[in-house]
1. Under unit Cβ charges (Lys, Arg +1; Asp, Glu -1), what dipole magnitude, rounded to 20 debye, does segment 166-298 have relative to its Cα centre?
2. Taking the beta-carbon count within 10 Å as an exposure proxy, list Glu473, Glu440, Glu258 from fewest neighbours to most.
3. Sort Thr506, Thr276, Thr341 so that the residue with the fewest other Cβ atoms within 10 Å of its own Cβ comes first and the one with the most comes last.
4. What whole-number volume per residue, in cubic angstrom, does the convex hull of the C-alpha atoms of the chain give?
5. Loop only per DSSP, at most 13 neighbouring Cβ atoms within 10 Å: give me the trypsin sites (Lys or Arg not before Pro) in segment 270-371, ordered by residue number.
6. In square nanometres, what is one fourth of the surface area of the convex hull spanned by the alpha carbons of segment 166-210?
7. Order the peptides 531-544, 174-187, 109-122 from the highest to the lowest mean number of other Cβ atoms within 10 Å of their residues.
8. Sorted by mean Cβ packing within 10 Å, highest first, what order do the peptides 97-103, 73-79 take?
Amino acid sequence: MCGIVGYSGRAAAAPLVFAGLKRLEYRGYDSVGIATLDGNNIQIIKKQGKVSSLENFVDGLSGNTGIGHTRWATHGKPSDINAHPHACGKFAVVHNGIIENYAELKARYFPDISFTSRTDSEIIVRLLDKFYSGNLLQTLKEVSSLLKGSYAVLVICADFNGFAVMKYKSPVIIGGGRGESFAASDAPALAGLCKKISVLEDGDFAIVSAHRIKIYDNNLNPVVRQKIINHATAASLDLNGCAHYMQKEILENPTAVENTVKAFSRVQGKLKEVFTDINRVIITGCGTAYNSGLVAKRYIESFARIPAEAEIAGEFRYKNPVITSGTAVIAISQSGETADTVEAAKLAKSLGAKVIAVTNAPYSALTLISDVVVPVAAGHEICVAATKSYTGQIAALYLTAKLLASFNKKSAVRLMKNAKAEICSVVPLLKSTVAHTDIEALAQVCARADGVYFLGRDIDYAVALEGSLKLKEITYIQSEGYPAGELKHGTLALIDENKTAVVIITDEGLSVKCENAVEQVLSRKGKVAVITNVKECAERLKDEVPVIEIPACPKELSPLLSAAAVQLLAYKTAIILDRNPDQPRNLAKSVTVE
Ligand code: F6R
């Protein structure tokens with residue numbers, strides 16, 4: 001959340017920074033700004049609105065060094081004034097994160113000064129200006145020692161031909177070569193610009209100019225940080241003829257699943273070591289990642305018969321969790337940067353748990369604190385709403401649970417081989433689901449509904465929660481995921497002719513019971529549609545309600561297909577309502593603040 005980009009080199013900085021911000025727009029899109037340095041003159045342009053709001057102003061900014069920001073507002077509403085960069089004296093800064101003690105610092109150091117903006121970030125530039133001694137690095141260190149919270153900050157100073165970086169709990173990568181250097185929040189910003197990138201660690205500083213990148217740890221000792229390949233390429237960020245990233249990424253579900261299965265083999269041995277002597281599993285994450293954790297709980301309990309709980313990361317942290325050395329905590333996060341998930345994993349680790357990260361981001365805050373990383377090989381996900389990362393997570397978690405179940409079994413090798421083959425057998429079915437599911441009519445019904453309830457039992461309930469989250473976040477239609485059997489215990493009171501229930505039925509054994517929920521809604525004049533791969537259920541219901549049939553597959557893997565169907569439903573509904581599915585209001589990807 002909030003994207004930052006820095007450049008220093010031979011070219012005009014502003015267009016390059018602008019292009020980087022466009023590629024980071026999924027991190028926030030309520031305001032945007034760029035500062036450049038020309039000689040020792042700092043120029044700034046900033047506007048409320050999306051990155052494109054700056055399009056006509058970029059050429060007016062001169063200089064070969066620049067920093068930019070695309071914002072997701074925390075403190076201070078979206079406005080031109082609250083947009084970054086913030087400037088004071090010889091400095092301009094862009095900031096991703098939250099300075100939790102900004103009010104305290106303001107009262108202490110600037111009691112009589114009224115700040116220009118209502119942001120927490122302005123304190124950083126005010127402090128830099130106040131403490132500047134002529135030594136930029138020392139000043140950064142001094143200022144950072146006062147800050148509480150999280151920050152990835154890029155700084156330009158009129159005295160230095162380049163830019164500086166401070167990083168704590170918010171991500172920063174740096175790359176360079178051939179007389180150009182770059183920094184950004186995330187790899188896509190540097191697609192096609194840097195093949196190798198260094199990942200900064202908490203407490204690091206960097207002094208970056210066209211020909212030199214110097215990284216320092218918190219004691220100002222020069223350090224070399226891990227260099228990774230930047231897999232983001234201009235081609236990988238292309239829409240490939242799709243209208244939106246969400247559409248493209250739904251179509252990429254099968255590849256995400258297939259690649260995740262392949263990648264699992266790399267970590268199988270290490271994961272087995274970490275799982276030794278585990279007698280309880282806690283799965284944690286936020287939003288969609290938590291929802292995939294609900295599926296994982298069912299996998300672990302039914303395959304391995306080990307007690308498993310799924311906990312929302314932001315809650316887990318504050319409930320004084322019971323953790324022993326026999327506890328494994330599986331922390332799921334597409335970005336690997338979600339503050340609540342990272343902090344939950346840190347807490348679990350400090351209490352003696354083994355921590356397993358399941359993530360798309362192999363070098364992230366989460367992976368740095370984990371005992372083992374189970375890769376989700378879904379590739380970059382640009383749409384704010386998670387799609388292919390969810391199915392990738394389901395594949396990774398299925399194999400993780402199967403591995404736990406294979407412990408002490410003679411047939412362990414065969415069991416894992418079979419598990420991978422099972423998932424691979426569903427990939428063609430997933431291809432057909434994303435390509436051919438006809439969801440348009442149901443999307444029309446949902447688009448006109450006052451509220452949509454996603455219902456299911458057991459594993460279908462877990463997917464119902466994900467369907468509801470997807471629909472509400474990109475269409476703004478009130479929606480709830482509910483256990484089908486629980487409807488009659490209260491929620492049925494809300495059903496009337498303006499409400500729609502989407503009932504997911506993929507378990508033959510539970511089908512008749514779920515059909516009761518269908519009847520209960522119909523009897524209260526609510527509209528109902530069913531997503532199912534149970535043939536008999538489709539036959540029984542098809543004359544009564546719209547039935548969306550998905551392919552039959554092994555019961556436990558049905559979330560791969562039913563999730564793709566509810567993703568398509570949310571997408572089509574958003575299009576009917578003329579919402580931008582890639583950039584839903586008030587949201588951003590990678591929630592790096594608590
Ligand atoms: C929903 C969505 C969010 C994320 C949540 C966690 O479509 O994208 O609910 O799932 O913010 O993000 P990660 O997985 O990056 O930790």
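1. Taking the Cα centre of segment 166-298 as origin, the dipole is about 280 debye.
2. Fewest to most other Cβ atoms nearby, the residues stand as Glu440, Glu258, Glu473.
3. Thr276, Thr506, Thr341
4. Spread over its residues, the Cα hull of the chain gives 153 Å³ apiece.
5. Answer by residue number: Arg305, Lys319.
6. Over every viewing direction, the Cα hull of segment 166-210 projects on average to 2.9 nm².
7. So the peptides 531-544, 174-187, 109-122, ranked by packing, come out 174-187, 531-544, 109-122.
8. Taking the mean over residues of other Cβ atoms within 10 Å, the ranking is 97-103, 73-79.
Where a number appears in this text, it was derived from the coordinates with a stated rule and is not lab data. Owing to the predicted nature of the structure, the values given are computational and were not obtained by experimental measurement. Please note: Cβ atoms are built from the backbone with ideal geometry, for glycine as well, and neighbour counts cover all protein chains shown.
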